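Okay, so here's the structure we're looking at.
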Amino acid sequence: MRCKLFFFLVYGWVCNLFAQTSASNLLIPNIVRGPYLQIGTANSMILKWRTDVNCDSKVWYGTSISTITNQITNASLLTDHEIKITNLNPSTFYYYMIGTSSTTLLTASAGQTFKTSPVIGTKGKYRFWAVGDAGTGNVTEKTGFLNYIGSNHIDGWLWLGDNAYNSGFDSEYQTSVFANNTYATELKKFVVWPAPGNHDYNNNIPFSPPPAYLDIFTLPTLGEAGGLSSGTEKYYSYNYGNIHFVVLDSYSVPRGVTDPMAVWLQNDLAANNAAWTIAYFHHPPYTKGTHDSDNPNFLDGELPEIRQNIIPILENNGVDVVINGHSHVYERSFLVDGYYGTSSQLSPSMIKNNTSGNYPSSCPYQKQTLINKAHKGTVYAVVGCSGQTGVTASGWPHPVMYSYNNILLGSMLVEVNDNRLDAKFITSNSAVYDGFTIVKNAGKKTTVNICQGQNAVLKPSWPEPVYWFPIGTTLDSAIVSPPFSTTYFAYDPNSCIKDTFVVNVTPNNVPPCNITALPNYDPALEVSVYPTMIRNKNEAFTIRTFSGAKIEHVKVLDIQGIAIDIYSNEQPMNELNIYFKNEPQNGTYFLELIIDNKMIHKKIIFNK
Ligand SMILES: [Fe+2]
């Protein structure tokens, strides 16, 4: 009996093994997750995807849909695939396909592209999409947002935490994030830069096994996309054009000012020279929605800690905008600074600008940061309403908030164009419920010196629209040629910002315009002689050309034009020291200079 049982067990094991081997040889893998895009830089992109069976990995890519000829293969047999493409060009769209070494699993299509980042520091018009607490499976906010932006590309997708409800398990990411009816299409073309929320850690620290979040996402730990190495995927920074983004873990790591995250944050921001800095993380410093930032107790204790320990570091280093989730509402502050207390401790002096900042219906918030960027004001937004909305806490609305709503689902569009930032809360109906604009270092006074008849090109200190006075045009720059000195002004349409241009006009035949106005003017012959009078033959005249042209030959002529000294330079230079060879009589002399085969004369005086 025992012998018979053993036979059946062995037979069953062999059959099962054979069946598995045959299946893996015969099955064509299916992509069950992704592809999705990670750590985009100016010359690299990471593609990740999951297959239902182990297989090798292959990516094809190219700059047009008909030239997807570049290939990268990884021979390892995997279900979770990751390939980094390098040597890409900045600010360039690439089409791609996904597959194995033997077959294509995802063919090319018009919308299946990624775009590399611009070279760090480059100004441009960039768009970012911030979604908070979105991982519920309800994606109506996505529909509203995509309808609003139309065919415009999104340069970065900012996830504010609680990305997959209710526990951040891999299976929940699968159904609420990667499924075709959630974000699969957008994940193929927009680079995701996530922050973790408490639900990504199952509301439980320590989390065992480690949260799926850290396996699913490949995030910069070494400053791969700009910023300082954090050494962890939990918090990190990156650059996009002229913007520095800071992403924090407001839940699973200590939030004290001497803890590693705050120390890294301080160092990262101290090294940051970007024109704009945007920080985002899950727990908001100010909220009266489904969470209460006045509450220091369980489930809300992170909020005052963030406000008291992290916000001062951000404001000391000139952070412009902070975006959070966690509270399932929309809240957006005035331009504020130095507010680290509870809702009852807000004082008027902490509000740098008490208007809406809603442009163009009102004036934008303006910041002057060229000399010192610290404490010039920050706008705080809570966008925890991308997947659900909720009740409000006692004291709603929080007094620091200009705009608030706890009914509308939506997400935030952040557009940066040079020194102008526009942020809008876009509802699931594609309506703009709220928005604010920040303009930096605009409103300049500039002086331009021209000669009569020359043009002066005037450019405003902010991106258009602009109105020129007294010219009357609305072009993004003005070319003027006034007959006499004139002052011009550039205004935005609401007269919120004003540039002043003083154009000083020098008539021709008045220095310095008379020289350049001469028909045979040659800049090579611009020469200085110093001093022009000496009292001792051992003193030297220093002769130097402005243009760097070489002085080939020098004679000293007396008043009658007779050469008394001759100097020939075997190695012509643009600077010479000339002495009288013999002591002359007091009087006027001339230096005769040959430069570029042309002759000029300079008067000198010997007066013993
Ligand atoms: Fe949360």
- Message: What pairs come out if I take residues in the stretch 50-78 that are of a type in the set (Gly, Ala, Ser) and pair them with residues that are not in a strand (DSSP E or B) whose C-beta lies under 9 Å away, six or more apart or interchain?
- Response: Ser57/Thr100; Ser57/Ser101; Gly62/Ile68; Gly62/Thr69; Gly62/Ala108; Ser66/Ala108; Ala75/Ser101
- Has the stretch 362-374 got at least one residue that is modelled with pLDDT of 95 or more, within 26 Å of the chain's Cα centre (by Cα) and within 16 Å of the ligand (Cβ to nearest atom)? no
- Restricting the stretch 183-219 to residues that are away from the ligand (no atom under 16 Å from the Cβ) and polar (S, T, N, Q), which is most open to solvent (accessible area, probe 1.4 Å)? Ser208
- Message: What's the number of the only condition in (1) open to solvent by 20 Å² or more (accessible area, probe 1.4 Å); (2) touching an Asp or Glu at 6+ places or on another chain (Cβ under 7 Å); (3) not hydroxyl-bearing (Ser, Thr, Tyr) that His398 fails to meet?
- Response: (1)
- the stretch 537-590 - residue that is basic (Lys, Arg) and not in a strand (DSSP E or B) and, of those, nearest to Pro523 (Cα to Cα): Lys550
- Note on the structure: Taking the stretch 334-352 and keeping residues open to solvent by 40 Å² or more (accessible area, probe 1.4 Å) and under 25 Å from the mean Cα position of the chain (by Cα) leaves Lys352
- Item | Unmet requirement for Gly161, which otherwise passes all of (1) under 17 Å from Tyr251 (Cα atoms); (2) at pLDDT 95 or above; (3) open to solvent by 10 Å² or more (accessible area, probe 1.4 Å) | (3)
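This table checks each residue for (1) farther than 19 Å from Asn536 by Cα; (2) open to solvent by 60 Å² or more (accessible area, probe 1.4 Å); (3) at pLDDT 85 or above.
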| position | (1), (2), (3) |
| --- | --- |
| Asp558 | no, no, yes |
| Pro572 | yes, no, no |
| Glu583 | no, yes, yes |
| Gly587 | no, no, yes |
| Leu593 | yes, no, yes |
| Asp596 | yes, yes, no |
| His601 | yes, yes, no |
| Ile604 | no, no, yes |
- Within the stretch 240-255, which residues are open to solvent by 20 Å² or more (accessible area, probe 1.4 Å) and either away from the ligand (no atom under 16 Å from the Cβ) or not assigned by TED's automatic domain parsing to the domain that holds Tyr126 (or both)? Pro254
- Of all residues in the stretch 454-484, how many are of a type outside the set (S, T, N, Q) and not in a strand (DSSP E or B)? 15
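Kindly provide the set of residues from the stretch 256-287 that are within 16 Å of the ligand (Cβ to nearest atom) and more than 22 Å from the chain's Cα centre (by Cα), ordered by number.
Residues of the stretch 256-287 that are within 16 Å of the ligand (Cβ to nearest atom), as a first pass: 280-287.
Of everything in the stretch 256-287, those that are within 16 Å of the ligand (Cβ to nearest atom) and more than 22 Å from the chain's Cα centre (by Cα) turn out to be His283, Pro284, Pro285, Tyr286, Thr287.
Mind telling me which of the residues Val391, Val382, Val319 ends up being within 16 Å of the ligand (Cβ to nearest atom), within 30 Å of Ser430 (Cβ to Cβ) and not in a strand (DSSP E or B)?
Just a single option satisfies the conditions, and that option is Val391.
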- Query: Which of (1) at pLDDT 95 or above; (2) within 15 Å of the ligand (Cβ to nearest atom); (3) surrounded by fewer than 21 Cβ atoms within 10 Å (Cβ to Cβ) does Gln308 not meet, given it meets every other one?
  - Reply: (2)
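The values are calculated or read from the model by the stated rules, or taken from the named source; none is laboratory data. Not measured: the values here are computed from a predicted model. Neighbour counts run over all protein chains shown; Cβ positions are idealised from the backbone, glycine included. Only protein heavy atoms, including side chains, enter the accessible area calculation; ligands, DNA and RNA are left aside. Shrake-Rupley method; radii C 1.70, N 1.55, O 1.52, S 1.80 Å.
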